[in-house]
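What follows is a short report on a single structure.
The values are calculated or read from the model by the stated rules, or taken from the named source; none is laboratory data. Treat the numbers as computed from the prediction; the structure is a model and nothing was measured. No Cβ is skipped: glycine too gets one built from the backbone with ideal geometry, and neighbour counts run over all protein chains shown. With ligands, DNA and RNA removed, areas are computed over all heavy atoms of the protein, side chains included. Shrake-Rupley method; radii C 1.70, N 1.55, O 1.52, S 1.80 Å.
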Amino acid sequence: MKNTNVVLFTSDGLTGNFTLSFLNDNYNVTGVVIDGHIPGAQYKMIKRRIKKLGIFKVFLQLIFMKGLVPLLHYESRKRRAEILKGYNREAIANHPNVFRPQSINDPSVVDFVNELNPDLIVVSGTRIIKKSIIDNIKMPLINMHVGITPKYRGVHGGYWALVNKDEENCGVTVHFIDKGIDTGGIISQKTISITKKDNYATYPLLQMAKGLDCIRDAITEIEENRLTVKNNNLESKLYYHPTITGYLYHRIFNKVK
């Protein structure tokens, strides 16, 4: 409801505008914090990924992300437009109180939020928030994750659920933020329905759209003082981007686009 004060932590672009459009329509968004771009951050992430997965696998992931993903966006352009119809693409630009620190983990973020003193913080599309930030913010932080946690932590949980022929866990989660990667207490989860027009580029959009319902559920529980943390007793696994060879294999043989 409009008397619930919310601050959004997000990033520039589709995810931020999509989420803010929904929040603006339903709640009082007193501030928006945009996670900034740190020079060299992507290079450091690639180095960490190579250390964990090996240079060959990361190389194939990069080919997929830089070479094939743009083609998948083009392939699904009509379906993407259908899913995104009606959302405000200028929501961030038009908001009166947007704060742009160098990073979501800048200490100034704590001061900005605590001064506004909202009822809660909604997180959608930022890098991992450090424990030092979480511990010093007075109000709860809830995150929209495009995957059913803890089974599909990391990235592209919907895609990996389809690859695993696990349609019942192809969905989205809203959970509390803690110091782990998508490990916080579950508040709401919903599944999505896939059509023949969908592919890798549209699964996250379907998840975000359904995730807005999860955010509504979470805020309603908070407003009505009946918030409960759920346990679905699923295994926990962290996923990364597919490689180009893996994607093509599952597309050809398992019909997962």
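Across all Cα pairs in the chain, the calculated P(r) in 10 Å bins from zero up to the longest distance comes to 7, 29, 37, 22, 5, 0 percent per bin.
Spatial offset of segment 32-100 relative to segment 125-190 amounts to 17 Å, using the alpha carbon center of each.
Taking 7 Å steps out from each Cα toward its Cβ at Thr195 and Asp166 produces label points 2.7 nm apart.
Seen against the Cα atoms of the chain and their longest principal axis, helix 14-26 is set at about 40 degrees. Taking 0.36 nm per residue of sequence separation and removing the Cα-Cα distance, the Thr228/Lys138 pair yields an extension gain of 30.5 nm. Surface composition of the chain: carbon plus sulfur atoms contribute 53% of the solvent-accessible area (1.4 Å probe, protein chains only, all chains present).
Here the Gaussian network model covers the chain, with springs between Cα atoms less than 10 Å apart; of Ser188, Ser236, Ser11, Ser236 fluctuates the most.
Largest GNM mean-square fluctuation across Phe64, Phe176, Phe18, computed for the chain with C-alpha springs under 10 Å, falls on Phe64. Let a ≥ b ≥ c be the square roots of the eigenvalues of the Cα gyration tensor of segment 1-143; is it rounded (a/c under 1.5), or, if not, prolate (a/b larger than b/c) or oblate? Oblate, since a/c reaches 1.5 and b/c is not below a/b. Most simply put, segment 108-257 has about 65% antiparallel DSSP beta bridges, counting only bridges with both residues inside it. Taking a ≥ b ≥ c as the square roots of the eigenvalues of the Cα gyration tensor, an a/c ratio of 1.5 or more together with a/b no larger than b/c marks segment 76-171 as oblate.
May I ask for the longest run of the chain untouched by GluC sites (Glu not before Pro) that are loop-located per DSSP and have at most 16 neighbouring C-beta atoms (other than their own) within 10 Å? The longest uninterrupted stretch comes out as 91-223. Of the whole protein surface, Met144 contributes about 20 Å² of accessible area at a 1.4 Å probe radius. Using a probe of 1.4 Å on the protein chains alone, the accessible area found for Asp106 is around 50 Å².
The label-point distance for Asn28 and Asn117, in a model that sets each label 7 Å from Cα toward Cβ, rounds to 1.2 nm.
The residues of the chain expose, per residue, 51 Å² of accessible area to a 1.4 Å probe. Annotation: amide H-H contacts under 5 Å for Lys190 (H modelled 1.01 Å from N, sequence separation of 5 or more, or interchain): Val172.
One decimal place: the segment Lys2-Phe56 gains 14.4 nm when fully extended, by the rule 0.36 nm per residue minus the C-alpha distance. Basic side chains Lys and Arg get +1 at the Cβ, acidic Asp and Glu get -1 at the Cβ, and with that the dipole of the chain about its Cα centre reaches some 1380 debye.
Each Lys and Arg Cβ is given +1 and each Asp and Glu Cβ -1; about its Cα centre, segment 121-257 then shows a dipole of about 460 debye. When you restrict to C-alpha pairs under 8 Å that are six or more residues apart and normalise by the size of segment 117-232, the relative contact order lands at 23 percent. Cross-link reach is defined here as a Cα-Cα straight distance under 16 Å, omitting same-chain residues fewer than 8 places apart; for Lys151 the lysines meeting it are Lys165, Lys190, Lys230, Lys237.
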